[in-house]
Amino acid sequence: MNTLPIILLSAALAGAGTVETETERSYSDDDVWYLSRVIQAESGYCQREMMEGVGSVVLNRVADDRFPDSIPEVIQQPGQYSTLSWLSSQTPTEEVMEVTIDLLENGSKFPPEVVWQANFPQGSGTYQTLSTSYSTMYFCY
């Protein structure tokens, strides 16, 4: 995975001008693109907790040996995300982008064993069930 430097600019408190610092991030632009769009497609108009759940499952899959080793590959894995075919038409909301960056910078909100997400229970057990007025999503081991 490529890492891209980010230049952060901040005004010096003493009025000495601008201080430039460089930090490295451990995620790529492709990671942001894919993760934000799958979160938008799967849960973009739901509560934040559901958005975090969708993104957490993706991150947990990347870390799990049973799945591909990158965010784009996990999302593009055949038979896993039915929303894949229309990700390019998604425009992530500001909240989805906040959730995406938080997850990429701070990691999954779920235990690492939670690698399944669907509108029905699956795997060896349910970790959390989240509902809206129009759907229920199960996050499972």
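The values are calculated or read from the model by the stated rules, or taken from the named source; none is laboratory data. Quantities reported herein were computed from a predicted structural model and do not represent experimental measurements. Here Cβ is always computed from backbone atoms with ideal geometry, including for glycine, and neighbour counts include all displayed protein chains.
So the values come out like this:
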| item | result |
| --- | --- |
| Complete set of residues in region 34-49 that are part of a helix (DSSP H, G or I) and either over 23 Å from M137 (Cα atoms) or of a type outside the set (A, V, I, L, M, F, W, C) (or both) | Y34, S36, R37, Q40, E42, S43, R48, E49 |
| Check on P72, over 14 Å from the mean Cα position of the chain (by Cα), of a type outside the set (D, E, K, R), at pLDDT 95 or above and surrounded by fewer than 19 Cβ atoms within 10 Å (Cβ to Cβ) | no |
| Flag if G123 is modelled with pLDDT under 95 and either at positive phi or not small (G, A, S) (or both) | yes |
| First in region 34-46 and crowded, with 23+ Cβ neighbours inside 10 Å, second anywhere and small (G, A, S), Cβ under 8 Å, 6 or more apart | L35/G55; R37/S88; V38/G55; I39/G55; S43/G53 |
| Residue ID - nearest to the chain's Cα centre (by Cα), chosen from residues in region 85-108 that are crowded, with 17+ Cβ neighbours inside 10 Å and either free of Cβ contacts under 8 Å to residues at least 12 places away in the same chain or in a loop (DSSP other than H, G, I, E, B) (or both) | S108 |
| Single residue of region 75-84 satisfying the filter (not hydroxyl-bearing (S, T, Y) and not in a loop (DSSP other than H, G, I, E, B)) that is surrounded by the fewest Cβ atoms within 10 Å (Cβ to Cβ) | Q76 |
| Matching residues in region 42-95 - criterion: being of a type in the set (A, V, I, L, M, F, W, C) and in contact with a Lys or Arg (Cβ under 6 Å, 6 or more places away or on another chain) | F67, V74, L87 |
| Any chance Y27 is in contact with a helix residue (DSSP H, G or I) (Cβ under 8 Å, 6 or more places away or on another chain) and either of a type in the set (G, A, S) or part of a helix (DSSP H, G or I) (or both) | no |
| Leading residue by the ranking (surrounded by the most Cβ atoms within 10 Å (Cβ to Cβ)) among those in region 50-69 that are of a type outside the set (D, E, K, R) and farther than 17 Å from Y141 by Cα | M51 |
| Among (1) surrounded by 16 or more Cβ atoms within 10 Å (Cβ to Cβ); (2) part of a loop (DSSP other than H, G, I, E, B) - the single one Q122 does not satisfy | (1) |
